[in-house]
Structures are given as structure tokens and as C-alpha cells.
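Reviewing the structure listed below.
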Amino acid sequence: VLLDVRSELIVTGITAAALSDWLDGYLARRWNQISVAGTYLDPAGDKIFVACISASLAAKGFIPTWLAASFITRDLALVGGVSYKRARELRWRWLTWGQFFGVGDGNLVNKSLPPLEPKTIGKICTALQFALFTGAMLHHTHGWPAEEELTVIQYATAVATALSATAYYSDSSNVVQCLKASSMKLKSKRAQTGK
């Protein structure tokens, strides 16, 4: 995008990325080849792709800067939140990244990483982002979709991004509150038994 490669190649690349993202998830479910690592790597790949493309499109003026910033901010917050939650779960102690991610040998804390459960609103958000990127490129080169239609896609994607961030934050807050409540019950029980 930044090097002004032919727009057809960019649109083809975005479309191929969207189709391969859908296909690998579909095949993993169909062939029962879902792994814990895969539940983290797939969305991580999506987030890297979205950050790169949205920043590039914003730099070229094809999408508003505030919109690209909202995508990147949401994704950084989600990655930061998941990382923070994992570090707390491990009590801030691990020797290797393999231990942190719960893969490989030597997992001293014996706490495996739970699979990441994607939310429907997150999937909708990603689909809208891919549609927006394709639409922005096509609008720039061919004038289609029209400016008004592209604006509708932009705002729909912004709303989905905000709803997705809210849903993940709410879910994370509920998990944190449940963990705190369980911890308090355990401390109270230990105090009562004198242990």
C-alpha cells in the first residue's frame, strides 16, 4: 500500500488473506485439528495484518486516521489484557516463553494455557475490517463503492470495533471478579481452619 503497488494486487492480497483466514478456521474445526496455540496464533495474525493494513491505508488517506487508531488501540488492549491475565495467573514467574504460553517442556507452574474463545462480535468485526480495506482500495482506484457507501462501512466497522472491545473487556472483568471472589473465599476458609 505504501509503495503504491498496483491496487489489483493489494485487493487480491486482502481478499486472499480474508479467505485463507476463514478457510484455515473452517478446516481446523472440520478435521478436529484445533490446538490451544492455534487459538492464539490465528487472532494474533489477524491483529498484525489489521494493524499493518489499517495504518498503511490511513497514511495514504484512504481511511480516516481515527478509525485505524481505533483498530490498533483495541487490538493492543486485547493483547495486553490477555498477557497481563496470563502473567498474573503464573504469579509473574516463568523461565521461558514456552512456559508463559504453556507449550513445550519444563512448565514449572503446571498451568496450561486455556484455549482462546473467539466471540461472534469479534468475528464480525474482523470481517467488516477486511471488507473495509477492500472497499477503501476499490474506492480509491475505481470509485466504487461510492463515498457515502464507504462511509457507512467505516462507521459500521467502528461500531463493531467498539462493541467487540466492550464485550472482551466485560468478559475479562467478569473473569477477574470471579477469580477475586474465589480467592477471597479460599482465604476466608483458610482463616477459619487456621491454615
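Between ALA131 and THR12, the contour length at 0.36 nm per residue exceeds the Cα-Cα span by 41.6 nm. In order along segment 148-159, phi translates into HN-Hα couplings of 5, 5, 5, 5, 4, 4, 4, 5, 4, 5, 5, 5 Hz, rounded to whole numbers, per the Karplus curve 6.51 cos²θ - 1.76 cosθ + 1.60 with θ = phi - 60° and x for Gly and Pro.
Computed about the Cα centre, the dipole magnitude for segment 1-140 is approximately 520 debye when only Lys and Arg (+1) and Asp and Glu (-1) carry charge, each at its Cβ. Stretching VAL159 away from LEU23 to a fully extended chain increases their span by 46.4 nm, per 0.36 nm per residue minus the current alpha-carbon distance.
Excluding same-chain neighbours fewer than eight residues apart, the aspartates and glutamates reachable from LYS85 by a Cα-Cα span under 17 Å are ASP75, GLU117, ASP171. Computed from backbone phi, the HN-Hα couplings of segment 26-33 come to 4, 5, 4, 5, 5, 9, 6, 10 Hz, rounded to whole numbers (Karplus: 6.51 cos²θ - 1.76 cosθ + 1.60, θ = phi - 60°; Gly and Pro given as x). Accessible surface area normalised per residue over segment 17-59 is 61 Å², counting heavy atoms of protein chains with a 1.4 Å rolling probe. Within straight-line reach of LYS60, meaning a Cα separation under 15 Å, sit the following aspartates and glutamates at least 8 residues removed in sequence or on another chain: ASP4. Label positions at THR73 and ARG30, each projected 7 Å from the Cα along the C-beta direction, are separated by 4.0 nm.
In segment 1-153, taking the dipole from charged Cβ atoms about the Cα centre, the farthest positive-side position among ILE14, PHE62, PHE100 is held by PHE100.
A crude spin-label estimate for the pair THR65 and LEU116, with each label 7 Å from Cα along the Cβ direction, gives 2.9 nm.
The values are calculated or read from the model by the stated rules, or taken from the named source; none is laboratory data. This structure is a prediction, so every number in the text was calculated from the model and none was measured. Quick reminder, even Gly has a Cβ in these numbers, built from the backbone with ideal geometry, and neighbours come from all protein chains shown. Note: accessible area is taken over every heavy atom of the protein model, side chains too, but ligands, DNA and RNA are not part of it. Shrake-Rupley method; radii C 1.70, N 1.55, O 1.52, S 1.80 Å.
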